[in-house]
Amino acid sequence: MAKVCLACKHQFEEVDWTCPRCGAAPETQDGLINFAPGLAQELDSFEASFFERLAQSESGHFWFEARNDVIVWALQKYFADAGNLLEVGCGTAFVLSAIRKAQPQLQLSGSELFTEGLKFARKRLPGATLYQMDADNIPFEAEFDIIAAFDVIEHIADDESVLSSCFKAIRPGGGLVVTVPQHPFLWSVADEYSHHKRRYTRKELRKRLERAGFAIVHMTSFISLFLPVMALSRWRHPKSSIAWDPMSEFRINSSLNSLLRNVLRMEQLVIQSGVSLPIGGSLLAVARRPLPRDIL
């Protein structure tokens with residue numbers, strides 16, 4: 001395992017995390033390795049108490065299920081032979097649990113800045129390796145076949161630094177799969193409450209990935225069929241987060257939820273046919289770390 005000491009940057013392959021050069025070792029709490037203890041309290045990037053509500057809302061919800069569909073499709077299409085995967089910002093492991101079901105051969109790891117999320121991830125995904133970690137400082141070098149970040153980098157001020165950190169931790173020839181919220185014109189109080197730093201255009205995301213060293217393999221929008229409804233809903237939100245109920249987007253009538261889920265299944269068939277949808281509430285990008293021979 002190509003580990004990197006966060007204290008002295010020495011690379012090593014010991015079984016444990018004690019650096020053979022400087023003797024530094026990360027903290028362990030409740031069986032979890034903590035690479036960035038205390039950092040979560042210093043940042044405003046997420047409300048840690050939100051994880052419990054998120055865990056209660058994800059399963060069965062049309063948006064989360066549709067996102068899982070497009071993620072699993074991308075992994076099976078572009079990385080069917082991969083051996084391991086690290087999800088950065090895994091939250092409650094809702095996505096990782098879908099990946100395990102679809103590709104049980106993958107050795108799964110998950111990281112999250114907030115240990116509160118890892119408590120739910122541990123219950124949902126027993127046996128997976130979980131880390132408390134800063135996405136901007138991944139302590140691995142050329143270790144993973146795939147790194148994934150699903151609706152994560154929009155929370156981080158220096159998203160390009162995070163993408164560069166991911167690049168270093170991916171083996172040459174390996175890949176990155178990311179999803180982000182799309183279209184700055186959809187910006188609303190929901191983004192402010194979620195501590196988003198930005199919504200992306202396709203051009204912006206492509207530029208950031210390429211500057212980090214990645215070669216783009218595929219990009220597509222998704223949640224496209226509902227874009228007009230999303231735009232109307234966002235524009236009708238109150239301007240102040242004080243007056244906005246953050247759970248309003250999760251509470252939905254079961255019949256309507258089933259209808260929306262079926263509509264997005266049709267959209268998924270279009271994506272699976274190879275069509276790159278140009279607009280949508282979210283954007284998926286698949287990229288690779290080039291092999292050395294590809295750079296020459």
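Does ILE170 count as touching a Cys at 6+ places or on another chain (Cβ under 8 Å), in contact (Cβ under 8 Å) with a residue 60 or more places away in the chain and within 29 Å of GLN103 (Cα to Cα)? Answer is no for this residue.
If a residue must be buried (at least 22 other Cβ atoms within 10 Å of the Cβ) and under 20 Å from ALA215 (Cβ atoms), how many such residues does the stretch 80-94 contain? Break it down stepwise before answering.
Start the filter on the stretch 80-94 by keeping residues that are buried (at least 22 other Cβ atoms within 10 Å of the Cβ), which leaves 85-94.
Okay, now just the ones that are also under 20 Å from ALA215 (Cβ atoms), so 85-86, 88.
Adding up the residues that qualify gives 3.
Could you please find all residues in the stretch 1-24 being in a loop (DSSP other than H, G, I, E, B) and of a type in the set (A, V, I, L, M)? Walk me through it before giving the result.
Start the filter on the stretch 1-24 by keeping residues that are in a loop (DSSP other than H, G, I, E, B), which leaves 1-2, 5-10, 13-24.
Within the stretch 1-24, MET1, ALA2, LEU6, ALA7, VAL15, ALA24 meet the criteria.
Only residues that are buried (at least 22 other Cβ atoms within 10 Å of the Cβ) and touching a helix residue (DSSP H, G or I) at 6+ places or on another chain (Cβ under 7 Å) were counted across the stretch 150-184, and they come to 12. Scanning the stretch 220-230 for any residue that is modelled with pLDDT of 85 or more and more than 20 Å from THR179 (Cβ to Cβ) turns up at least one such residue. Of all residues in the stretch 13-42, those that are surrounded by 17 or more Cβ atoms within 10 Å (Cβ to Cβ) have Cβ atoms under 7 Å from Cβ atoms of residues that are among the aromatic types (Phe, Trp, Tyr) and assigned to a loop (DSSP other than H, G, I, E, B), 6 or more apart or on another chain, in PRO26/TRP17; PRO26/PHE35; ILE33/TRP17; ALA40/PHE114.
Only residues that are part of a helix (DSSP H, G or I) and either surrounded by fewer than 18 Cβ atoms within 10 Å (Cβ to Cβ) or in contact with a Lys or Arg (Cβ under 9 Å, 6 or more places away or on another chain) (or both): list them for the stretch 120-137, please.
Let us first name the residues in the stretch 120-137 that are part of a helix (DSSP H, G or I), namely 120-124.
Selection gives LYS123 alone.
Hey, could you check the stretch 142-178 for residues that are of a type in the set (D, E, K, R) and in a loop (DSSP other than H, G, I, E, B) and say which is farthest from HIS10 (Cα to Cα)?
The first filter runs over the stretch 142-178 and keeps only residues of a type in the set (D, E, K, R), leaving 143, 145, 151, 154, 158-160, 168, 171.
When the remaining residues are screened for being in a loop (DSSP other than H, G, I, E, B), the result is 143, 151, 158.
Numbers: GLU143: 15, ASP151: 31, ASP158: 24 Å.
Of everything passing the filter in the stretch 142-178, ASP151 is farthest from HIS10 (Cα to Cα).
Annotation note: of SER97, SER161, SER188, the sole residue that is modelled with pLDDT under 95 and either closer than 24 Å to VAL217 by Cα or not basic (Lys, Arg) (or both) is SER188.
Output the qualifying pairs, or none if there are none: Cβ atoms under 6 angstrom, residues six or more apart or on different chains, first residue in the stretch 115-128 and touching a residue at least 40 places away in the same chain (Cβ under 8 Å), second residue in a helix (DSSP H, G or I) and surrounded by 20 or more Cβ atoms within 10 Å (Cβ to Cβ). Here the result reads GLU116/PHE51; GLY117/PHE51; PHE120/PHE51, each pair linking the stretch 115-128 to a residue that is in a helix (DSSP H, G or I) and surrounded by 20 or more Cβ atoms within 10 Å (Cβ to Cβ).
What number of residues within the stretch 189-212 are in a loop (DSSP other than H, G, I, E, B) and buried (at least 17 other Cβ atoms within 10 Å of the Cβ)?
In the first step, residues of the stretch 189-212 are kept if they are in a loop (DSSP other than H, G, I, E, B); the result is 194-199, 201, 212.
Keeping just the survivors that are buried (at least 17 other Cβ atoms within 10 Å of the Cβ) gives 194, 196, 198-199, 212.
Matching residues across the stretch 189-212 total 5.
Taking (1) closer than 20 Å to GLY110 by Cα; (2) modelled with pLDDT under 90 in turn, GLU42 satisfies each apart from (1).
The values are calculated or read from the model by the stated rules, or taken from the named source; none is laboratory data. Computed from a prediction, not measured in an experiment: that's the story for all the values here. So basically every Cβ, Gly included, is an ideal-geometry build from the backbone, and we count neighbours across all protein chains shown.
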